[in-house]
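Since the structure comes first, as structure tokens, the remarks are kept for the end.
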Amino acid sequence: MKAWEGFEGFQWKDGINVREFIQQNYTPYEGDDSFLEGYTERTKSLWDKAETAITEEIREGKVAIDTTRFSGIANYPPGYLDRDEELIHGFQTDQPLKRIVNPYGGYRMVQDALKAYDHEMDPELEKSFTTFRKTHNDGVFDAYTKGMKKARSVGLLSGLPDAYGRGRIIGDYRRMTLYGSQLLKGEKLKEKDDIEGGSVEETIKLREEIKEQIRAIEEMEKMAASYGYDITQPADTAQEAVQFFYFAYLAAVKENNGAAMSLGRNTAFLDIYIERDLQRGVINETQAQELIDDLVIKLRMVRHLRTPEYNELFAGDPNWITEAIGGMGVDGRTLVTKTAYRFLHTLTNLGSAPEPNMTVLWSEDLPENFKNYCSKMSLETGAIQYENDDLMRRIYGDDYGIACCVSAMEIGKEMQFFGARANLGKTLLYAINGGRDEMITGENGEPIKMIEGIESLEGEILDFGQVMKNFTKVNQSLAKLYVETMNTIHYMHDQYAYEASQMALHDSLVHRYMAFGVAGLSIVADSLSAIKFADVRPVRNELGIAVDFEVTGEYPTYGNDDDRVDNLAVQVLEDFSKELKKTKAYRNSEHTLSVLTITSNVVYGKKTGTTPDGRKKGEPFAPGANPMHGRDQRGALASLNSVAKLPYDKVCKDGISNTFSITPKALGKKAEEQILNLSSILDGYFAQGAFHLNVNAVQRKVLEDAMIHPEKYPLLTLRVSGYAVHFNRLTQEQKEEVLARTFHESA
Amino acid sequence: MNGRIHSYETMGLHDGPGIRTVFFLQGCPLKCLYCHNPDTQKFEGGMEMSAEDVIAIAKRYKPFYRRSGGGITISGGEPLLQMEFLKVLFPMLKKEGISIALDTSGYGGGKNFLDVEVNEVSTDSTTERLTTNLGDLLSYVDHLLMDIKHVTDSEHLKLTGKNLDPARRLLQEIPKIQGMVWIRHVMVPGYTDNNESMKALYQMIAPYQHKIEKVEILPYHKMGTLKYQELGRKDPLLETPPMNIDKARAYELFLEKLLEMNEERRTG
């Protein structure tokens, strides 16, 4: 086949095997960034148009929406920013930034969003849809129990994907480039007929799904054809490689409005095509960079229709178009290629931006040049997050990607059922308040009972043993409810909002994770530490609810590398993970757990009463696995060491998020010193088995100034918790919370 | 043998090469008018820690030392006041393969700060004893960060309450250091911000210039004022403005030039 000319290897030709193709053909790169080229006039002109549209949308607070049709891969006429200037084509609708109405997750969400932006759906369409079609949201609420609804409404379980698209599925978009749609369809047809036996439900469901996947591939062909491209055959050039890959991704974001629509791990793959064209003399480095710049421009313009409330939970309109960059191969060669550099270099050519969500897979064995380049880009742009490749490679091999912020999965072979998080701050208060909610009273004026069988605590001072006993009981009961709630949600999502285009780019038999989460880890650890090592006297109101706590004596706090309290945090996670695993998960999925809050730590805090660690009612939690701001007193590395103790493998296998804010000067006087020190910090942190780090190198006073003069900082990008955001797009409350975080200033 | 530790910082990036865990020892015999950590001056207070405690903490940061060439920095206060503690600690750190930086002005050297007579340093016999002590200790030190407060005896006395003898004694011991030496000097407006003082400083350190890797002129800042308030003390330099950063940098370059430090050594 002409498209495969010059490529080595056989196995990947006999069946779908992108990893094998990469291993046989990629060129590791250990050099520095001196080969990179800047933007061309054409790129600049195109990006200027894009940026104008992007900033105008933010400034005006208005969004364009196509209200004449509902979502679908081939439902929209082609759209262009500038057809001739664009090297990579395709938008979600007929106009850049115009949003799709996707009703399948839930219609109420659609109505709220339309109303918020002053739009109306075509009345005929709306009527037909709501009359004849059931949504994911309808299905979930039909099947929810009273207990599930209650847990949801008090904020014990929050952010559940029961009214919107679950996301966190990564299609292997590379397959379209390497194989073309015809081969992919052929494989699926074969696989469908092989599926027999097993349980009736599982078998029939799978066969139906595969048929839907095939249909989705056919729609991708139609969509690509509308832009004048034939994707039925494999890509032949670097331009086609990027273009076909992008079409496959574009299909995913046309079909789905998932919370996180991540990209996978593509730089080494695309590099093979770029390298071949460079060798052939068809393109030069400037043109290679242009292709990647154009791809990134497209990714920066992906939009979804969401409600303002959603934005309060996940600030800044994120899509988590996460691209995993770098890492090592299991054979010891680095997976860093020149295209890894080219991808990061878009932050220079196009300026810093939150999307795509650049995620460097850090290994101690990465080439020094690449480590230092990443550190440099972190310091210059604040747009990069780091995850531990040495930790993940042992579990997932060397062709995994990251969905959303931190969730690892083998590309094309694994998927995830995403499941928000449980509020452990609240469960601790339930342990203290006899299973009753501290914020919400029922119609009879009594606090509502959330968990049965929790004894009231006697005595003036909280007894650690008693509190732990109750806390364990509350968590046991919550864990069961949580798994059953998730089972309900994902059963219905598969039923009413199945992601056919993304699953078409997976093996037919996939391994599934069910990803649970917790919020409030640091306040729980500190509260338990206070109860254990000091005297904590609850101040109860007339209803017997502890509304405040008086603490006498000293106690260690999480974030100071003190085992006495850090072990409490570890224990809480191990116990909760164990409890979750006791209840069977839908489609035999594997239970995993994350310590990740995104920006929802603000909202969780709002819904939680005063906790024994001194955090007052309504105040934000620390984000993710971060120590509570101001309590890490031993400097930045002690704080990192505490977080590094949280167990990833077997416990928090869905990720542990840590956000690290430091003023650049604290890292050294000169730029070179800052770069080397940051690389050393990353090496030291990950060598201990730590999982994730967001790096923000910014001065607090810059953020303070940006709060008053947002117009001065249009590009100021900040890592929040597993993703980056333009600072200006945070709500006032979120900005304040970011400012309250510990900034490691100087030693 | 326990030490008294005022506090420690796990991400020290300015006190010696690489990433360092900096232990600030409690107590200082000098009372520098510009002191920005007056809370470390008094001999009481701080946490009591054994050498084992210190090592256990330092070991936790070995992953960060490895690549950066970092280690532990003993600072203060004035660490030499706790000589006996350091004599226990340093060999143990060496055994663990942890690099040692000592940040000192050279004052102290008694058995432990609790039995230090503030005037003890002026007699001949104590000087001899202290020199032996100091020499032994310095043989363990990988990097010496020497803080020189002023360049003339009379001005030094005014600024710190002590004459220059102990600083001179420490300078003489420099050849015993295995690694490199950083010379640091806090420049306060109206004290040493003049060519004459800088030339005098150069003359003090010139005999050891082959060992000197870095000279830092640290501009006086006002961040200590708040600490004086917290301690209920009057900031002795309340009226003194902060040192102009560019001017301090210019003097730093001036010294570097006199010391004929080439670019390589400066960035090393």
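The values are calculated or read from the model by the stated rules, or taken from the named source; none is laboratory data. Keep in mind that this is a model prediction, so the values were computed, not measured. Reconstructed Cβ throughout: ideal geometry from the backbone, glycine too, with neighbour counts over all protein chains shown. The accessibility values were calculated without ligands, DNA or RNA, using every heavy atom of the protein model including side chains. Shrake-Rupley method; radii C 1.70, N 1.55, O 1.52, S 1.80 Å.
A few notes on this one:
- Members of B:Lys162/B:Lys214; A:Lys670/B:Lys199; B:Lys87/B:Lys162; A:Lys44/A:Lys701; A:Lys188/A:Lys413; A:Lys150/A:Lys653 lying beyond 22 Å, as alpha-carbon distances in this model show: B:Lys162/B:Lys214; A:Lys670/B:Lys199; B:Lys87/B:Lys162; A:Lys44/A:Lys701; A:Lys150/A:Lys653
- Gain in span if fully extended, A:Asn284 to A:Lys650, counting 0.36 nm per residue against the direct Cα distance: 127.1 nm
- Rounded tilt (10° steps) of A:671-687 against the dominant C-alpha axis of chain A: 70 degrees
- FRET E, pair A:Ala740, A:His511, Förster distance 41 Å, beta-carbon r, rounded to 0.05: 0.55
- Computed label-point distance, nm, for sites A:Glu733 and A:Lys49 using a 7 Å Cα→Cβ extension: 4.0 nm
- Here segment B:2-267 carries DSSP beta bridges of which approximately 25% are antiparallel, counting only pairs with both residues inside.
- Reachable aspartates and glutamates, given that their alpha-carbon falls under 13 Å from the alpha-carbon of B:Lys176 and they are not under 8 places away in the same chain: B:Asp136, B:Asp142
- Segment B:78-104 versus segment A:719-744: alpha-carbon centroid distance in Å: 41 Å
- Accessible area in the full protein assembly, largest first, 1.4 Å probe, for A:Glu219, A:Glu443: A:Glu443, A:Glu219
- Accessible-area value, A:Phe576, 1.4 Å probe, nucleic acids and ligands omitted, Å²: 0 Å²
- Projected label distance in nm at B:Lys247 and A:Arg564, using a 7 Å step from Cα toward the beta-carbon: 4.9 nm
- A Förster radius of 56 Å combined with the Cβ-Cβ distance from A:Glu60 to B:Lys94 puts the calculated FRET efficiency at roughly 0.25.
- Set of lysines near A:Lys146 by C-alpha distance (under 24 Å), chain-local residues within fewer than 8 positions excluded: A:Lys134, A:Lys426, A:Lys449, A:Lys473, A:Lys480, A:Lys581, A:Lys582, A:Lys584, A:Lys606, A:Lys607
- Cα gyration tensor shape of segment B:2-267, rounded if a/c is under 1.5, else prolate or oblate by comparing a/b with b/c: rounded
- Placing unit charges on the Cβ atoms only, positive for Lys and Arg and negative for Asp and Glu, gives segment B:2-267 a dipole magnitude near 540 debye about its Cα centre.
- Surface share of carbon and sulfur [accessible, 1.4 angstrom probe, percent] for the protein assembly as shown: 49 percent
- Within chain A, helix-based [θ] at 222 nm, where runs of 4 or more DSSP H residues each add -39,500 (n - 2.57), nearest 500: -14000 deg cm²/dmol
- Ordering A:Met148, A:Met468, A:Ala3 by the projection of their Cα atoms onto the charge dipole of the protein assembly as shown, which places +1 on the Cβ of Lys and Arg and -1 on the Cβ of Asp and Glu, puts A:Met468 at the extreme positive end.
- Put the Cα centre of segment B:1-29 next to the Cα centre of segment A:491-553 and the gap is 38 Å.
- Near-label residues of segment A:656-687 by backbone N, under 17 Å of a point 7 Å along Cα→Cβ of A:Ile395: A:656-658, A:686-687
- Loop-exposed GluC sites (Glu not before Pro) per DSSP, neighbour cap 11 Cβ within 10 angstrom, longest uninterrupted part of chain B: B:118-238
- Whether segment A:647-731 is rounded, prolate or oblate, judged on the alpha carbon gyration tensor where a/c under 1.5 counts as rounded: oblate
- The HN-Hα couplings worked out from phi for segment A:167-181 by the Karplus form 6.51 cos²θ - 1.76 cosθ + 1.60 (θ = phi - 60°) are x, 6, 10, 10, x, 7, 5, 5, 4, 5, 5, 6, 10, x, 6 Hz, whole numbers, x standing for Gly and Pro.
- Crossing angle, helix A:41-60 versus chain A [Cα axis fit, 0-90 degrees, rounded to tens]: 40 degrees
- Rel. contact order, % - alpha carbon contacts under 8 angstrom, at least six apart, chain B: 17 percent
- Normalised by the number of residues in segment B:151-239, the mean separation of alpha-carbon contacts (under 8 Å, six or more apart) gives a relative contact order of 30 percent.
- Taking 0.36 nm per residue of separation and subtracting the current Cα-Cα distance, fully stretching the chain between A:Glu309 and A:Asp705 would add 139.9 nm.
- Tilt relative to chain A, helix A:464-496 - C-alpha long axis, 0 to 90 degrees, to 10: 30 degrees
- Delta accessible area of at least 10 Å² on complex formation, residues of segment B:60-76, 1.4 Å probe, chain isolated as reference: B:Arg60, B:Tyr61, B:Pro63, B:Phe64, B:Arg66, B:Arg67, B:Ser68
- Those Cys residues of chain B for which no other cysteine Cβ falls under 4.7 Å: B:Cys28
- Segment A:657-741 - accessible surface per residue (Å², probe 1.4 Å): 34 Å²
- FRET efficiency, 1/(1 + (r/R0)^6) with R0 60 Å, evaluated for A:Lys582 and A:Lys669 via beta carbons: 0.65
- Cα gyration tensor shape for segment B:1-57, rounded if a/c is under 1.5, else prolate or oblate: oblate
- Counting Cβ atoms of other protein chains within 10 Å of each residue's Cβ and taking the mean over peptide A:684-690 gives 3.
- Antiparallel bridge percentage (DSSP; both residues within chain A; nearest 5): 40 percent
- Extension gain, A:Glu460 to A:Asp142: 0.36 nm times the residue separation minus the Cα-Cα distance gives 110.0 nm.
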